[in-house]
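Heads up, the thing below is written out as structure tokens.
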Amino acid sequence: MLSPVSQLTSHRILTTGAILAVIFIILLTLYNPRDATAASNGSLVQLSGDKPTSDATISTPGNEQETGKITADNGSPSAIAETSAVDVAMSSAPAVPNEPRRAFVAFLEAHTGTNRGDEAQGMTTDDEDDYFVATRVLGYQLMHQPETRSNTSIPFIVVASSEVSQSKRARLEKDGAKVVVVDGISDPEWLDTKRQYQGIMTKLRVFQQTEYEKMLYMDADMFITRRLDAIFEDEGTRIQRPKKEVDNKKEAAPLPSSFMLAGQAQQTDRVHKYPPDPSLEWMCSGFMVFKPSQEIFEYYTSIMERENSFDPNFPDQNLLNYAHRWDGPMPWTNVYYKWTSTYPSIKEYAMGAAALHEKYWMDYNRVEAEGQNIIGDMWLKVHSDMEAFYRDNNG
């Protein structure tokens with residue numbers, strides 16, 4: 001039989017245990033994991049939930065962009081961020097269960113003057129193919145480099161022409177990319193494509209990757225400075241319905257039921273202002289977020305088959321700009337300007353542009369006056385880091 005002191009101690013332990021159990025049950029009842037938010041780089045990011053407590057305004061559909069304002073559900077300002085909205089947009093949030101499928105995607109083609117990378121042009125090794133090497137560097141940054149890799153396990157897809165060699169496909173898969181081999185799309189007779197763009201229309205096959213809800217396409221000649229995961233939440237990437245009231249009788253294929261194409265205007269001069277002019281209507285197809293669908297692919301190919309429907313000088317880019325012209329039924333939308341920059345200078349890098357579009361392996365693109373030589377040296381360093389990483393990890 002327990003002594004009075006032992007009985008009292010036992011009673012206290014049981015009472016404390018019961019109280020803790022009740023508190024635990026209450027906490028379980030109140031906790032809703034769907035309302036979780038994550039803090040990263042000093043910014044809060046809403047992950048999920050029925051009613052977010054705040055919406056980071058990154059950009060508006062079409063032309064206008066706002067920075068730094070966070071509004072509550074009623075639309076009134078609830079806080080003014082000390083940093084720009086890009087710091088909210090580019091925060092690295094952990095993976096969300098049942099999140100819609102997103103992916104990064106690049107395109108690799110052989111037998112073009114742009115790639116200069118196929119065996120038919122006298123290349124003896126895969127490493128002499130500049131675009132193949134650049135695709136590997138891009139994949140390394142998206143999948144493995146600590147400062148830029150996806151924090152939510154977003155896959156890196158390479159849509160490769162069937163003419164790309166088996167050794168290149170195998171190397172990309174060993175790096176961690178998912179390689180999707182596709183048949184080429186032949187240019188119609190009227191499309192007098194410049195030699196360096198022959199085969200480029202096969203790039204439209206990226207729009208057929210329908211297992212994903214949203215994809216970010218990037219040309220291989222991109223240098224990544226920070227994580228890109230949050231671009232899929234940019235206001236400009238909202239999926240929309242076409243404007244049926246707009247005349248579109250010229251195209252043979254019907255409009256898709258929904259669409260989304262978002263990017264940034266093409267800069268045409270190396271020296272340009274930054275932020276860019278949001279009223280520029282010619283989108284760069286080297287960096288674009290889109291909604292894949294077989295409907296949109298068939299719509300694009302119907303445009304391609306109609307003679308002189310777009311300027312062939314930049315074939316894929318001009319086709320997309322015609323299909324998504326601002327006065328048409330499916331206008332493209334701007335993403336926040338700090339996501340990317342074409343012909344970037346050190347100014348864009350210093351202002352936080354996340355994806356810099358330039359062929360930094362070419363000496364004539366390393367302009368000292370604009371600080372591009374500094375960025376070029378960074379790209380070469382990442383290239384070296386990539387080789388060391390794969391050498392140490394998978395040969």
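The values are calculated or read from the model by the stated rules, or taken from the named source; none is laboratory data. The model shown is predicted, which means the values in this text are computed figures rather than measured ones. So basically every Cβ, Gly included, is an ideal-geometry build from the backbone, and we count neighbours across all protein chains shown. Remember, those area values only see protein heavy atoms, side chains included, never the ligands or the DNA or RNA. Shrake-Rupley method; radii C 1.70, N 1.55, O 1.52, S 1.80 Å.
Among the residues of the range 163-171, are any at pLDDT below 95 and under 20 Å from T301 (Cβ atoms)? Checked the range 163-171: at least one residue is at pLDDT below 95 and under 20 Å from T301 (Cβ atoms). Per the conditions (1) surrounded by 15 or more Cβ atoms within 10 Å (Cβ to Cβ); (2) over 20 Å from the mean Cα position of the chain (by Cα), the sole criterion not satisfied by A355 is (2). The set of residues in the range 259-295 that are closer than 12 Å to V335 by Cα, open to solvent by less than 10 Å² (accessible area, probe 1.4 Å) and part of a loop (DSSP other than H, G, I, E, B) contains only M260.
Whenever a residue of the range 281-294 is touching a residue at least 24 places away in the same chain (Cβ under 8 Å), its partners that are of a type in the set (A, V, I, L, M) and open to solvent by 10 Å² or more (accessible area, probe 1.4 Å), lying with C-beta atoms within less than 7 angstrom and at least six residues away or across chains, give the pairs K291/I239. On the given criteria, is E348 open to solvent by 20 Å² or more (accessible area, probe 1.4 Å) and over 30 Å from S186 (Cα atoms)? Judged against the criteria, E348 is not a match. Exactly one residue out of D269, D277, D247 is closer than 21 Å to Y360 by Cα and at pLDDT below 95, and it is D269.
Run down K359, K381, K347 and say which single residue is basic (K, R), at pLDDT below 95 and in a helix (DSSP H, G or I).
Working: K359 fails: in a helix (DSSP H, G or I); K381 fails: at pLDDT below 95.
The unique qualifying residue is K347.
Tell me whether the range 358-367 contains one or more residues that are farther than 22 Å from A177 by Cα, in contact with a Ser or Thr (Cβ under 7 Å, 6 or more places away or on another chain), open to solvent by 10 Å² or more (accessible area, probe 1.4 Å) and touching a residue at least 40 places away in the same chain (Cβ under 8 Å). No: the range 358-367 contains no residue that is farther than 22 Å from A177 by Cα, in contact with a Ser or Thr (Cβ under 7 Å, 6 or more places away or on another chain), open to solvent by 10 Å² or more (accessible area, probe 1.4 Å) and touching a residue at least 40 places away in the same chain (Cβ under 8 Å).
Determine whether the range 381-390 contains at least one residue that is hydroxyl-bearing (S, T, Y), closer than 21 Å to D130 by Cβ and touching a residue at least 60 places away in the same chain (Cβ under 8 Å). Yes, the range 381-390 contains a residue that is hydroxyl-bearing (S, T, Y), closer than 21 Å to D130 by Cβ and touching a residue at least 60 places away in the same chain (Cβ under 8 Å).
Of the residues D229, D277, D269, D221, which is of a type in the set (D, E) and under 13 Å from the mean Cα position of the chain (by Cα)?
Details: D277 fails: under 13 Å from the mean Cα position of the chain (by Cα); D269 fails: under 13 Å from the mean Cα position of the chain (by Cα); D221 fails: under 13 Å from the mean Cα position of the chain (by Cα).
Going through D229, D277, D269, D221 in turn, just one is of a type in the set (D, E) and under 13 Å from the mean Cα position of the chain (by Cα): D229.
Would a scan of the range 299-311 turn up a residue that is assigned to a loop (DSSP other than H, G, I, E, B), touching a residue at least 60 places away in the same chain (Cβ under 8 Å) and farther than 24 Å from A230 by Cβ? Quick ask: steps written out before the conclusion?
Step one: filter the range 299-311 for residues assigned to a loop (DSSP other than H, G, I, E, B), giving 306-311.
Next, from what is left, pick out any that are touching a residue at least 60 places away in the same chain (Cβ under 8 Å): 307-308.
Retained after the next criterion (residues that are farther than 24 Å from A230 by Cβ): 307-308.
The answer is yes, given that some residue of the range 299-311 is assigned to a loop (DSSP other than H, G, I, E, B), touching a residue at least 60 places away in the same chain (Cβ under 8 Å) and farther than 24 Å from A230 by Cβ.
Of the strands (runs of 3 or more DSSP E) lying entirely inside the range 161-254, those containing at least 2 residues that are surrounded by fewer than 21 Cβ atoms within 10 Å (Cβ to Cβ) are 178-182.
Could you list, in sequence order, all residues of the range 134-146 that are open to solvent by 20 Å² or more (accessible area, probe 1.4 Å) and more than 15 Å from the chain's Cα centre (by Cα)? Can you show your working first?
Keep residues of the range 134-146 that are open to solvent by 20 Å² or more (accessible area, probe 1.4 Å), which gives 136, 143-146.
Once the filter is applied, which keeps residues that are open to solvent by 20 Å² or more (accessible area, probe 1.4 Å) and more than 15 Å from the chain's Cα centre (by Cα), the range 134-146 yields R136, H144, Q145, P146.
Scanning the range 338-354 for residues that are touching a residue at least 60 places away in the same chain (Cβ under 8 Å) and within 14 Å of R226 (Cα to Cα) yields a total of 10.
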